[in-house]
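Worksheet: one structure, shown below.
Please treat every number below as a calculation from the coordinates, not as lab data. Since the model is a prediction, treat every value here as computed from it, not as a measurement. Glycine also receives a Cβ, built like all others from the backbone with ideal geometry; neighbour counts cover every protein chain displayed.
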Amino acid sequence: MSDHTPDPTRDAPAGAVTSTGGTSAVMSDGVAAQGRGDRAQYGMCAFLAVLGGLLLFDAARIGHATSSNDPVGPRPVPIILGILLLVTAVLYAVDVYRGGVGSAEEGEDVDLSTGSDWKTLGLLAAFFVLNAVLIEPLGWVISGTILFAGSAFALGNRHHVRGLLFGLGLALATFYAFAIGLDVNLPAGVLQGIL
Amino acid sequence: MDNFANLIDGFGHVLTPMNLLFALIGVTIGTAVGVLPGIGPAMTVALLLPVTYGLEPTQALIMFAGIFYGGMYGGSTTSILLNTPGESSSVVTAIEGNKMAKAGRAAQALATAAIGSFVAGTIGTLLLALVMPQVVKFAVSLGAPEYFAIMLLAFAGASAVLGSSRIRGFAALLIGLAIGLIGIDKVTGQQRMTFGTAQLADGIDVVVVAVGIFAVGEALWVAAHLRRKAAGVIPVGRPWMGRDDWGRSWKPWLRGTAFGFPFGALPAGGAEIPTFLSYMTERKLSKRPEEFGKGAIEGVAGPEAANNASAAGTLVPMLALGLPTNATAAIMLAALQGWGLEPGPLLMEKQPVLVWTLIASLFVGNTMLLLLNLPLAPAWAKLLQIPRPYLYAGILFFASMGAYAVNAQPFDLLLLLALGMVGFALRRFGLPVLPLIIGVILGPLAELQGRRSLQLSGGDLSGLVGGPVAWVCFAIIALVLIWPLVGKLTGRGRGRGRGGDGPGADAPATKEVMA
């Protein structure tokens with residue numbers, strides 16, 4: 001097990017004490033060790049601000065459409081949300097500036113001692129988009145097989161044939177069970193008439 | 001005893017071969033996903049949603065409820081054998097449970113968890129059957145302003161009470177509300193936030209949001225940090241308990257149930273707080289406090305009961321008010337909407353068979369879970385050895401299938417990836433997922449109720465604060481929002497970074513939701 005395995009005996013009861021008190025949590029968790037001044041958090045603030053700006057921009061475009069039936073109209077809610085998003089973005093940025101850190105999520109298979117593995121992420125996203133492109137022309141069975149085998153490869157599977165076979169098995173099983181059995185929308189694609 | 005007759009009636013409906021089959025499928029899948037890392041009940045229900053649109057709503061709900069309860073059982077297995085809780089609600093279980101397992105008492109820990117879950121689940125479901133109709137009776141009289149206030153309370157609760165940081169909770173909530181806004185305004189027909197994209201005019205389907213945030217976001221997050229060495233699993237035999245263990249377990253089970261149910265039923269409850277409370281109580285009351293931290297069975301029995309009882313409690317607001325208090329309930333509500341059923345107090349009046357069959361199925365499912373988990377625990381533990389590349393590739397595979405199946409348009413797959421990236425960012429920066437999903441599902445409803453209230457008052461803002469229920473809700477919201485300021489004035493909560501100004505240890509709060 002890695003250094004960052006949670007040690008609940010140490011952390012959780014401490015958290016429990018504070019949770020009953022309802023005041024403040026102890027940030028002694030290994031996860032928070034992304035370090036003080038995690039500057040990437042400003043990116044999240046920027047995202048919130050952009051989202052808020054988009055809402056306001058879009059709300060300005062909407063015409064006045066109030067009636068006695070609906071005195072509020074479609075505009076106030078996006079305007080309120082947009083303003084709240086901008087305010088939240090600022091407060092969030094202030095929090096980050098003061099050294100506030102959100103603890104990254106842990107999990108059974110998550111090892112936070114290393115940075116993000118961008119190569120794996122990029123490959124996964126690529127196979128994901130490939131599936132979106134191929135699903136209609138080639139059909140779910142083929143695109144799904146590629147998606148499964150490709151994702152497994154990206155995640156470190158080196159048994160290529162096995163990955164493809166598992167993928168094909170899953171794709172066929174889901175196609176017959178759901179598309180044919182339960183009338184779920186899955187395209188047959190080029191295999192139309194064969195499956 | 002009108003309810004009692006209804007319940008018996010529900011049993012009559014559930015005891016058909018098909019319904020029993022769906023209950024069995026549900027609890028089996030539920031236990032499996034509870035055990036499996038990376039997947040939890042909320043994600044599973046989201047993945048299965050599109051598939052179940054072809055089923056009878058009753059059968060699909062029976063299956064979902066089985067998954068919900070089953071996930072609670074399965075979660076304790078991982079906590080005890082791996083020391084890495086799969087769900088936030090089983091974080092506390094890991095404290096003593098894993099210590100017990102290391103001391104060679106894994107069998108007893110699993111047994112007290114499973115039997116305690118059964119006891120708490122049964123009592124909790126009984127309480128559900130008793131309390132829910134009363135809440136419905138009360139809720140039927142509520143008008144639009146009251147509903148609006150209750151929904152605002154749910155927003156405030158989910159973002160400010162459960163998470164580790166208020167500001168991060170609100171950020172997640174606002175992202176969810178913004179996503180919920182996308183599409184045609186139901187009252188005026190105006191397009192909002194669609195930017196001329198035809199596929200966005202109907203809004204983003206809740207399935208795509210849930211699958212994107214839970215399944216794709218989680219898979220991407222794990223993929224970026226995949227643990228290359230598998231964690232050690234403690235081998236286990238068949239769970240059993242001796243006389244002494246029974247004697248030490250039964251009181252914590254009952255006390256845990258008493259903590260869990262009310263917290264689950266609150267709009268801002270959840271399973272974390274009652275499990276912690278139960279743990280603290282057991283440690284205080286124990287005759288052998290020195291065993292705590294070294295594997296005290298009370299520390300497993302109490303919290304496990306609390307978390308199952310809170311699962312039952314969660315169903316009270318979900319069925320009576322249409323108000324989700326955790327992620328799985330939120331997605332089950334989305335399922336109801338997908339079938340064209342309107343969640344809320346009228347559900348029980350219009351669909352009594354559905355509601356009572358569902359409740360009866362919980363008793364049946366709970367019993368199945370005990371039978372499934374006690375003798376088969378070693379087999380479930382084997383699931384932990386599944387190769388991770390296949391597991392996460394499988395999640396992405398099913399996520400794509402489900403998201404495509406909703407509208408049969410590849411555009412949704414690209415949306416799914418984008419939402420997956422949002423989910424990734426939430427996990428990376430420690431933003432809780434629950435407020436987002438509640439925002440997406442309740443946001444449009446809250447807007448509708450708010451506008452309806454103002455319609456009644458002719459646009460006068462006073463229309464939003466009608467009735468004592470609304471007053472109470474606004475008072476609680478004010479309290480929740482002002483609380484950190486109070487903490488500041490009294491000089492506490494300073495100097496620790498505002499990132500941790502909420503209750504509870506951080507990891508659990510953000511985790512429940514992803515499950």
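Could you grab the relative contact order for the stretch A:118-191? Cα pairs under 8 Å, six or more apart, rounded to a whole percent. Walk me through the intermediate numbers first.
Details: 81 pairs, mean separation 27.9, N = 74.
Here the relative contact order equals 38 percent.
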key: Proxy reagent accessibility, fewest Cβ within 10 Å first, across B:Arg168, B:Arg283   = B:Arg283, B:Arg168
key: Using alpha-carbon coordinates, inclination of helix B:467-489 to the longest axis of chain B, degrees   = 60
query = What net charge is computed for the residues neighbouring B:Gly458, neighbours being all others with C-beta under 14 Å from the C-beta of B:Gly458, Lys and Arg scored +1, Asp and Glu -1?
reply = 0
task = For each of B:Val92, B:Val161, B:Val27, count neighbouring Cβ atoms within 10 Å of the residue's Cβ, then give the residues from fewest to most.
result = B:Val161, B:Val27, B:Val92
note = In terms of the alpha carbon gyration tensor, root eigenvalues a ≥ b ≥ c, rounded if a/c is under 1.5 and otherwise prolate when a/b exceeds b/c or oblate, the stretch A:55-192 is oblate
ask   = Which whole-number percentage describes the relative contact order of chain B, with Cα contacts under 8 Å and a sequence gap of 6 or more?
value = 30
key: Degrees separating the helix B:41-52 axis from the principal Cα axis of chain B, which is the longest one   = 60
ask   = HN-Hα J couplings of the stretch A:53-62 from phi, Karplus 6.51/-1.76/1.60, θ = phi - 60°, integer Hz, Gly and Pro as x?
value = x, 4, 4, 5, 4, 5, 5, 5, 6, 5
key: Cα gyration tensor shape for chain B, rounded if a/c is under 1.5, else prolate or oblate   = rounded
ask   = To the nearest 10 degrees, how steep is helix B:272-285 against the longest Cα principal axis of chain B, on a 0 to 90 scale?
value = 30
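Answer rounded, prolate or oblate for the protein assembly as shown, using the Cα gyration tensor with square roots of eigenvalues a ≥ b ≥ c: rounded when a/c is under 1.5, else prolate when a/b is larger than b/c, else oblate.
Here the protein assembly as shown falls in the rounded category.
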remark   = Whole-Hz Karplus couplings 3J(HN,Hα) for the stretch B:73-78, θ = phi - 60° and coefficients 6.51, -1.76, 1.60, Gly and Pro as x, run 5, x, x, 5, 4, 5
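Which pairs break 20 Å Cα to Cα here: B:Lys251/B:Lys284; B:Lys102/B:Lys382; B:Lys251/B:Lys382?
Where the Cα-Cα span goes over 20 Å, the pairs concerned are B:Lys251/B:Lys382.
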query = Relative contact order, percent, of the stretch A:37-102 when contacts are C-alpha pairs under 8 Å separated by at least 6 residues?
reply = 51
query = How large is ³J(HN,Hα), in whole Hz, for each residue of the stretch B:16-32 in order, when computed from phi with the Karplus curve 6.51 cos²θ - 1.76 cosθ + 1.60 and θ = phi - 60°, using x for Gly and Pro?
reply = 9, x, 5, 5, 5, 4, 5, 4, 5, 4, x, 5, 5, 4, x, 4, 4
remark   = Per-residue Cβ contact counts at 10 Å, fewest first, order B:Val140, B:Val469, B:Val119, B:Val33 as B:Val140, B:Val469, B:Val119, B:Val33
query = Between B:Gln191 and residues 5 or more places away or on another chain, which pairs have amide H atoms under 5 Å apart, with H built 1.01 Å from N, and which residues are they?
reply = B:Asp185
